[in-house]
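Rule-based calculations on the coordinates, nothing more; no lab input. Only a predicted model underlies this, so the values are computations on that prediction, with no experimental measurement involved. Neighbour counts are summed over all protein chains in view; Cβ atoms, including those assigned to glycine, are modelled from backbone coordinates with ideal geometry.
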Amino acid sequence: MQIILLNDVDKVGDKHQVVSVKPGFGRNFLIPQGFAVLATAGAMNQIQKIKSQAEIRRSAQNNELKS
């Protein structure tokens, strides 16, 4: 089962990472607790947008710190 993590989860992965977990663990624990969502096409596009925005912010902060 492919899921996207919404928070850091010990021994599973980091925030916004796509991971593969056993179906029972994802369906019975991670998704109901709000730690993850299913890795659908729409969710993958949304995560890519979030990652690109974070990269833009990081580069702006780096440029600010250099000057």
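Using the Cα centre as the reference, give the magnitude of the dipole from point charges on the C-beta atoms of the chain (Lys, Arg: +1; Asp, Glu: -1; all else neutral), rounded to the nearest 20 debye.
Numbers: 9 positive and 5 negative charges, 18 e Å.
Dipole of the chain, to the nearest 20 debye: 80 debye.
The angle between the Cα long axis of helix 41-66 and the longest principal axis of the Cα atoms of the chain comes to about 30 degrees, rounded to the nearest 10. The Cβ shell under 14 Å around residue 5 holds other residues with a net charge of 0, Lys and Arg each +1, Asp and Glu each -1.
Placing one identical point scatterer on every Cα of the chain and ignoring solvent, what is log10 I(q)/I(0) from the Debye formula at q = 0.29 Å⁻¹? The Cα Debye sum returns log10 ratios of -1.23. Taking 0.36 nm per residue of sequence separation and removing the Cα-Cα distance, the residue 46/residue 66 pair yields an extension gain of 4.1 nm. Between residue 16 and residue 33, the simple spin-label model (points 7 angstrom out along Cα→Cβ) gives 2.2 nm.
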